[in-house]
Amino acid sequence: MFMKHFLLVAYCFCTFGMAQQTKIDSLYSIAKSTKSDSLKVAVYNQLIWKYLFSDKNKAKELIDQTELIAVSKHQNFGYNTLLGIKGIYFDVNSQPDSAKYYFKKAIAFSQKHHFKIQEQHGLNNLGMYYWNNGFYNDALKSFFSSLRVNESLAKEKQTLTDANLNNIGLIYQEMQLYDKAIIYHNKALDLRLKNNLKHTLPVSYNNLGLCYTYLNEFSKSETSLTKAKEISTEIANLKEYYNAVVNLGHLYFTKKDYAKAVTNYEEAINRPANVPFSIKEKIQVYSSLSLVYSRLKKSENALKFANLALEALNKSENNSYEEEVFKALSTAYYLNGDIDTAEIYNEKFYESTIAKFNNENAKILNELEVQFQTEKKEKEILKQRTE
């Protein structure tokens, strides 16, 4: 059993390209020379983005510095933007409670001050938080709310259409409706290509590549993931570069090309300390690598990474991926000849799988019941109106 998706942040051999560093130097120059408080805050917010996925210490330093300026100078719009960025910072650095707090604070602040653009961004960020933590119904509600706010804006201000479409595709991906997910990912990709949104192209190619892998369309998958990796390298997008690396690992595992799978998974793990590696990501990657080593009959490595996955699972508040860990542990212990321990984890694996199946069925039945009652009520209202 494999994870449904990977969301990894990792190292791209050079933290910033020359063009990227020139842009950073230019932003610092503007921030120091401008007398406009709003411009200063806006520039610092851009600078935080430059470091958010590559240098968490620098990002935090800039967040604190920007917050001080925004609050003291009463720059509400810039402060609203910063609240969302702060939420993302905590999310990628495995502090989910703080992330949720700042996402909700950003939404409330934007509604209070009627910042519609900020509101749609806040709802989208909250949806991503829910999605990353396994709350898929809440995620879908947030994404649709963001889409509605986006569509209420003038055409030229609708900046999040591609992101909303992308994220709806991700929810279908979670539901394993890959054909439907591909439809939404392609819609998002078309908009990004049309509007030359190069920084988001790797996201679409990564999503498409993973969906194609699950549909066993390996050629399309490798093409998409290679594009994601190449563009990420070109624009120094560390997060999506390693999304592609791990997704390629998954592709090669599925194709039973285990040597290439190991190369990609280990590249994702061996990242510098300043690059975020969330608990959820560790659970997924360690479990997968353990299974690969089991296929290669490397029992010690298989057990090592299965236990690392278990350690990460024990630190997580989300048990959505526990069956992957239990399967990796069961397989590794069988390979090491510890049949009793293997049986314990094998039983845990099946218990987890059955529990998940029952929960999903209960949710589906509840949704069908709500739909039935709603339709029944609507028919009664229509009948009364007709009479």
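Just a few scattered comments:
- Hey, Glu230 of a type outside the set (Ser, Thr, Tyr) and surrounded by fewer than 18 Cβ atoms within 10 Å (Cβ to Cβ) or not: yes
- Annotation note: Cβ proximity below 6 Å between a residue of region 253-267 that is under 18 Å from Ala302 (Cβ atoms) and a residue that is open to solvent by 20 Å² or more (accessible area, probe 1.4 Å) and not in a helix (DSSP H, G or I) (sequence gap 6+ or interchain) occurs for Tyr258/Leu296.
The rows are residues; the columns are (1) in contact (Cβ under 8 Å) with a residue 12 or more places away in the chain; (2) more than 26 Å from Ser54 (Cβ to Cβ); (3) of a type in the set (A, V, I, L, M, F, W, C).
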{"residue": "Leu82", "(1), (2), (3)": "yes, no, yes"}
{"residue": "Ile85", "(1), (2), (3)": "yes, no, yes"}
{"residue": "Ile88", "(1), (2), (3)": "yes, no, yes"}
{"residue": "Asp91", "(1), (2), (3)": "yes, no, no"}
{"residue": "Asp97", "(1), (2), (3)": "no, no, no"}
{"residue": "Lys104", "(1), (2), (3)": "yes, yes, no"}
{"residue": "Phe109", "(1), (2), (3)": "yes, yes, yes"}
{"residue": "His113", "(1), (2), (3)": "yes, yes, no"}
{"residue": "Gln120", "(1), (2), (3)": "yes, yes, no"}
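- Some residue of region 208-219 being at pLDDT below 95, open to solvent by 20 Å² or more (accessible area, probe 1.4 Å) and either within 18 Å of Phe143 (Cβ to Cβ) or assigned to a helix (DSSP H, G or I) (or both): no
- Selection of region 150-162 for residues being surrounded by 22 or more Cβ atoms within 10 Å (Cβ to Cβ) and modelled with pLDDT of 85 or more yields Asn150, Asp162.
- Residue satisfying all of: in region 72-107; of a type in the set (Gly, Ala, Ser) and over 14 Å from the mean Cα position of the chain (by Cα); farthest from Leu47 (Cα to Cα) among these: Ser98
- Residues of region 170-205 that turn out to be open to solvent by 30 Å² or more (accessible area, probe 1.4 Å), modelled with pLDDT of 90 or more and assigned to a helix (DSSP H, G or I), as a count: 12
- Among the conditions (1) hydroxyl-bearing (Ser, Thr, Tyr); (2) crowded, with 21+ Cβ neighbours inside 10 Å; (3) modelled with pLDDT of 90 or more, the only one that Ser299 does not satisfy is (2).
The values are calculated or read from the model by the stated rules, or taken from the named source; none is laboratory data. Every value quoted in this text rests on a predicted model; they were computed, and no experiment measured them. Note: ideal-geometry Cβ built from the backbone for every residue, glycine included; neighbour counts use all protein chains shown. For accessibility, only protein heavy atoms count, side chains too; no ligands or nucleic acids. Shrake-Rupley method; radii C 1.70, N 1.55, O 1.52, S 1.80 Å.
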